Amino acid sequence: MTHRAVEPFAVLRQRMVADQIVSRGVKGPAVLDAMRSVPRHLFVPEGERARAHNDGPLSIGRGQTISQPYIVALMTELARLNPDSRVLEVGTGCGYQTAVLAACAGSVWTIEIEPELAAKAARTLAELGVLNVSRRVGDGSLGWPEAAPFDAILVTAAPADVPPALLDQLAVGGRLVIPLGTTSQDLWVFTRQPNGIRRESIIPVRFVLLR
Ligand code: SAH
């Protein structure tokens with residue numbers, strides 16, 4: 001699209017995807033497209049825009065962070081979304097991961113415990129015309145029972161152990177992508193299978209703690 005090609009931040013996103021994401025093995029075309037098109041700079045505080053495409057997390061206020069681009073892409077890829085997927089996100093934060101999920105899935109439900117961050121994320125998503133997102137302020141470790149079951153659940157803050165409600169709200173075949181641990185953390189994928197839960201540890205990570 002020509003209007004994207006002339007937007008200066010589009011060039012930075014192309015470079016971010018090539019240098020930080022494709023180079024580390026993320027392959028899904030929908031994920032890569034979303035990372036190239038969602039305007040990450042609009043989700044960070046204005047004073048941080050010059051750093052929006054850096055290879056690391058950034059502060060978004062209230063002691064919280066926007067995840068590193070690679071981690072957003074990796075978690076989205078691990079969720080294995082398709083255009084019909086129903087996805088729950090715990091920890092809306094600035095709404096950037098939400099927008100990436102909304103580009104790859106059918107519908108997204110997102111929960112944030114900090115009202116101020118939730119309100120700001122809602123404004124940014126509305127300005128961008130992202131329509132397939134429902135949001136709620138509250139404790140995401142309880143999930144969103146009325147909208148369950150989900151094909152994927154992404155948690156972007158780390159608990160010590162898996163919140164049982166989230167496993168309960170996973171559809172058969174559904175995937176829970178979640179950082180676990182306090183002083184040291186790993187990213188895990190839990191898959192609900194007809195006869196139980198399969199668990200797989202992916203890489204060491206560092207997230208803010210789930211409250
Ligand atoms: N996905 C976000 C990452 C934000 S950091 C992004 O792309 O910006 C994690 C977020 O989880 C923070 O905003 C924090 O306030 C929120 N959080 C922490 N504990 C929570 C809980 N129990 N329920 C919902 N959100 C929570």
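The values are calculated or read from the model by the stated rules, or taken from the named source; none is laboratory data. Since this is a predicted model, take the numbers as computed values, not measurements. Counting neighbours? That spans all protein chains shown, and the Cβs are built from the backbone with ideal geometry, glycine included. Keep in mind that these areas ignore ligands, DNA and RNA; they rest on the heavy atoms of the full protein, side chains included. Shrake-Rupley method; radii C 1.70, N 1.55, O 1.52, S 1.80 Å.
Points worth noting:
- Leading residue by the ranking (farthest from GLY63 (Cα to Cα)) among those in the range 107-124 that are open to solvent by less than 10 Å² (accessible area, probe 1.4 Å) and not hydroxyl-bearing (Ser, Thr, Tyr): VAL108
- When LEU12, LEU42 are checked against the criterion of being part of a helix (DSSP H, G or I) and touching a residue at least 60 places away in the same chain (Cβ under 8 Å), LEU42 stands alone in meeting it.
- Counted as qualifying within the range 68-175 are the helices (runs of 4 or more DSSP H) with 1 or more residues that are within 12 Å of the ligand (Cβ to nearest atom) and among the basic types (Lys, Arg), namely 115-127.
- Residue selection: ILE178 fails the criterion of being within 23 Å of ALA34 (Cα to Cα) and surrounded by fewer than 18 Cβ atoms within 10 Å (Cβ to Cβ).
- Look at the range 104-115: where a residue is modelled with pLDDT of 95 or more and a partner is part of a helix (DSSP H, G or I) and away from the ligand (no atom under 14 Å from the Cβ), sitting 6+ places away or on another chain with Cβ atoms under 8 Å, you get CYS104/ALA30; CYS104/VAL31; TRP109/ALA147.
- Scanning the range 137-153 for residues that are open to solvent by less than 10 Å² (accessible area, probe 1.4 Å) and in contact (Cβ under 8 Å) with a residue 60 or more places away in the chain yields GLY140, ALA147, PHE150, ALA152, ILE153.
- None of PRO39, PRO8 is away from the ligand (no atom under 14 Å from the Cβ), over 26 Å from ARG175 (Cβ atoms) and over 12 Å from the mean Cα position of the chain (by Cα) except PRO8.
- Residues that are under 12 Å from MET75 (Cβ atoms) and open to solvent by 20 Å² or more (accessible area, probe 1.4 Å), drawn from the range 154-171: THR156
- Yes/no for ARG62 being over 30 Å from ALA165 (Cβ atoms) and either touching a Leu at 6+ places or on another chain (Cβ under 7 Å) or buried (at least 16 other Cβ atoms within 10 Å of the Cβ) (or both): no
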